[in-house]
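Notes to accompany the following structure.
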Amino acid sequence: MTSPDGIEYGSSILGYPRIGAHRELKAALEGYWHGSLSRDELLATGRELADGVWNELAATGLEQVPGNTFSFYDHVLDNAVLFGAISPRFTDLVDELEPIDLYFAMARGKPGHPPLELVKYFNTNYFYRQPEIAPDTVFALNAEGLLDEHRRAKAEGIELRPVILGPTSLLLLSKAAPGSPEGFAPIDRLDDLLAVYADLFERLAKQGCKCVQLDEPCFTSDRTESDLGALRQAYTELSRGALRPRILVTGPYGDLADALPILASTNIEAIGVDLVSEPMSAAELGAVPGLKRKRLYAGVIDGRNVWKAAKGGKLDFLLEIKEHIPDVVVSTSCSLMHVPIDVLIEPDLPGDVADRLSFAKQKVAEVVALAKAVTHGAPEHWYSRPATVHFKLKHDVRQRVANIRPDQRQRLPYAERKPLQDKALGLPIIPTTTLGSFPQTNEVRQARYYYGQGRLSWEEYAQRLRDEIKRVIELQEDIGLDVLVHGEAERNDMVQYFSELMDGYAATHQGWVQVYGSRCVRPPIIYGDIKRKHPMTVEWTGYAQSLTDKPVKGILTGPVTMLARSFVRQDQPMYETAEQIALAVRDEIADLEKAGIKIIQVDEPSIRELLPLRERGRQGYLDWAVNAFRLAVGGAKPETQIHTHLGYSSISRVVDAFEAMDADVVSVVATRHLDWVFAQLAKGTTLSHGVGPGVYESRSALIPEIDEIDDLIQLAARYIDPKRLWVNPDGGLKTRHYWQLEPSLRNMVAAARRERRRVESGDDD
């Protein structure tokens, strides 16, 4: 059947994974960084991965293929480099290093040049390197790679739509370079940057580019009137260009809200809206002034989760939209970089789970099928009801959640718990510790791989883990740490490890998703009710504790982080799933206590990460997130010291939530933002329990000096009573090497002991 209005409806996606189906990018990057792969070989691998993606996408039947989606490390950093926004801290390296090495220096750091800050990318599980822009940053176009890719594709008969970060989001995602005058913000440089964007558009147009995609994700969160004014200025000016491609502006990860009519009022040709995260009705879309005159990229396929689309319902929605807006392109809600590549390479997934999954390749097929159906009609089976229950239910789990009492979320007040813990632990003032993971050596990874392949028996594998734990304990004792960890040698990932030991989760073999650079994870899939099968950490933590008289922390991942870093079932509210996970964590804490573990850390970095982008949803989310954590730890004995590990936040409401969690010790990922931590402490109403303000950046390869750490500890001691102050890195050490870790920790311990001596001698004022 042909569409009654005779229009052929288009199909596109906003981006695609760039790591390769088998993490080819990771292997190439780490080979280059370690010296086993040449620069030319690295660049050739990058080109092969990029070309392979757009050739593959063109063959699927997509009407429009996105280009410039490949990155060697991070697309935000790519865009900064594209427009010449090199941090002033690195300009002395411009003539010294090859362009790719300068790029990696900004991403990973070099001696004397700490890397750009690693920052959460909206409410995704991706991190980006934050560009630094100064009042005198000279923007200049470095577009040869982008232009060359477009030419190569065009020579093969493929018209790419280059994907670029929009100018306002690029500036809003950046921060003022160190040394910038007070009050300066990168958005102040909009006029200068727009001129370079216009230059790029002209060059693209001259080589025949028909359309360019500009992503503006910053405008799916709350923005000031000034920010919205900058958006209006940017696209009013860019759309006036005499020689340019058509402009598509997208708003991934949420609702464009006030930004949508602003964009619709300009002369840009197309707008992409996320109709999954916060859906708008067809009538609401039609009511936006000016939107009917634009080409609408309707983001109806979820780029963030892995469940198959209910294509019948999606089609009905698209048909409603076209009654209001005549020119519609079926698209994804955001780039597909947040999902694995192909479900068909996962032979071990349970059939009833695999049949309901859609990874990147399958989502492209869904987009193409929907576009065809809008034009020609859909098969009847799209509307048939499923023959089986989609999600696995457990009566005992659901009954236990239904019976949760308010008192199960309460512990003895902190003022009463602390003396009991001090007596039980006997720690010095300003104790030192780490946050859990130690480097995953090649030997450990190999042992895990061999065990999975059946080449090692369980006992052989377990003995190798025990040997590694013993080595880690002995190293920590030699370094002089006060509270030890077992190092997590048995864990592939802080979420995946636990998911594989609980019912209701499914794991993949090749379901990799990029976090940043070469760092990839395999998010598990929550397909049913969650239940712990058996103790998950007691064997390893208990063994570590048997090797030392010092306390060894049990390390668990909290319910919100387990939820946030998984692909989540869609048949019930997220808070219900969080409660199920919390009960499993609660049971694990009880078993650790029985094994003699006196300190238990429940990591919750995703409390901040999962925060809704707009204010209207935040308090409700924080309420259930805090309640889930308190349910998980609420059964712990008063003598048991509960630690947690949280991500940086400058939002006062989130900080209040941190306090409401009522953990005995809070470690904060805030090495670059310790001034924020201290500002909160100065108020006297938040972070009132033990505090571990991470004193060196765990993700950096640089080794901090003793004096550098000492300065931070002394600063912390101005705000934190020594009886509440802890010293630790700002995150786990899994991605580091021992040659980096050992001197860093020795310097940290030495600096902490300096402050301890000052306090004990009365010299610390």
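The values are calculated or read from the model by the stated rules, or taken from the named source; none is laboratory data. None of these values were measured; they are calculated from a predicted model. Every residue, glycine among them, receives a Cβ derived from its backbone with ideal geometry; neighbour counts consider all protein chains shown.
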Task: The one condition in (1) more than 21 Å from Val691 (Cα to Cα); (2) in contact with a helix residue (DSSP H, G or I) (Cβ under 7 Å, 6 or more places away or on another chain); (3) at pLDDT 95 or above that Ala590 fails to fulfil - done: (2)
Open item on the list: Being outside the structural domain of Val666 (by TED's automatic domain parsing), at pLDDT below 95 and aliphatic (A, V, I, L, M) is true for just one of Val367, Val374. Which residue is that?
Closed with: Val374
Open item on the list: Please count how many residues of region 229-255 are touching a residue at least 40 places away in the same chain (Cβ under 8 Å) and part of a loop (DSSP other than H, G, I, E, B).
Closed with: 8
- [ ] Please work out which residue is nearest to the chain's Cα centre (by Cα), limiting yourself to region 454-467 and to residues that are farther than 14 Å from Gly542 by Cα and crowded, with 18+ Cβ neighbours inside 10 Å.
- [x] Arg464
TODO: For region 584-628, name all the residues that are of a type in the set (S, T, N, Q), farther than 13 Å from Gly554 by Cβ and either surrounded by 21 or more Cβ atoms within 10 Å (Cβ to Cβ) or under 18 Å from the mean Cα position of the chain (by Cα) (or both).
DONE: Ser606, Asn627
Open item on the list: Just to be sure I understand, how many residues within region 329-354 are buried (at least 24 other Cβ atoms within 10 Å of the Cβ) and not β-branched (Val, Ile, Thr)?
Closed with: 7
Task: Residues of region 517-561 satisfying the condition of being free of Cβ contacts under 8 Å to residues at least 24 places away in the same chain and in a loop (DSSP other than H, G, I, E, B) - done: Asp549
Open item on the list: When the residues of region 562-583 are narrowed to those that are small (Gly, Ala, Ser) and in a helix (DSSP H, G or I), which ends up nearest to the chain's Cα centre (by Cα)?
Closed with: Ala564
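One line per residue, one yes/no per condition, for (1) more than 16 Å from Ile268 (Cβ to Cβ); (2) surrounded by fewer than 19 Cβ atoms within 10 Å (Cβ to Cβ); (3) out of contact with any helix residue (DSSP H, G or I) (no Cβ under 6 Å at 6 or more places or on another chain); (4) not aromatic (Phe, Trp, Tyr):
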residue: Leu165; (1), (2), (3), (4): no, no, no, yes
residue: Leu170; (1), (2), (3), (4): yes, no, no, yes
residue: Ala177; (1), (2), (3), (4): yes, no, no, yes
residue: Asp215; (1), (2), (3), (4): no, no, yes, yes
residue: Thr224; (1), (2), (3), (4): yes, yes, yes, yes
residue: Ala234; (1), (2), (3), (4): no, no, no, yes
residue: Leu243; (1), (2), (3), (4): no, yes, no, yes
residue: Ile247; (1), (2), (3), (4): no, no, yes, yes
TODO: Could you tell me whether Leu160 is in the same structural domain as Ser335 (by TED's automatic domain parsing), in contact with a Cys (Cβ under 9 Å, 6 or more places away or on another chain) and among the aliphatic types (A, V, I, L, M)?
DONE: yes
TODO: Could you grab the pairs with beta carbons closer than 9 Å, sequence gap of 6+ or different chains, first residue in region 300-323 and over 19 Å from Tyr383 (Cα atoms) and in contact (Cβ under 8 Å) with a residue 12 or more places away in the chain, second one acidic (Asp, Glu) and not in a helix (DSSP H, G or I)?
DONE: Gly303/Asp274; Lys322/Asp5
Task: Breaking point among (1) more than 30 Å from Ala59 (Cα to Cα); (2) in a helix (DSSP H, G or I); (3) among the basic types (Lys, Arg), for Lys154 - done: (1)
TODO: Scan region 332-381 for residues that are farther than 27 Å from Gly254 by Cα and assigned to a helix (DSSP H, G or I) and jot them down.
DONE: Leu344, Ile345, Gly351, Asp352, Val353, Ala354, Thr375, His376, Glu380, His381
TODO: Please specify each residue of region 735-749 satisfying the condition of being crowded, with 20+ Cβ neighbours inside 10 Å and of a type in the set (D, E, K, R).
DONE: Arg736
- [ ] Check whether at least one residue in region 142-150 is part of a loop (DSSP other than H, G, I, E, B), at negative phi and of a type outside the set (Lys, Arg), and report yes or no.
- [x] yes
Open item on the list: Can you find, within region 699-723, the residue that is modelled with the highest pLDDT among those that are charged (D, E, K, R) and buried (at least 20 other Cβ atoms within 10 Å of the Cβ)?
Closed with: Asp710
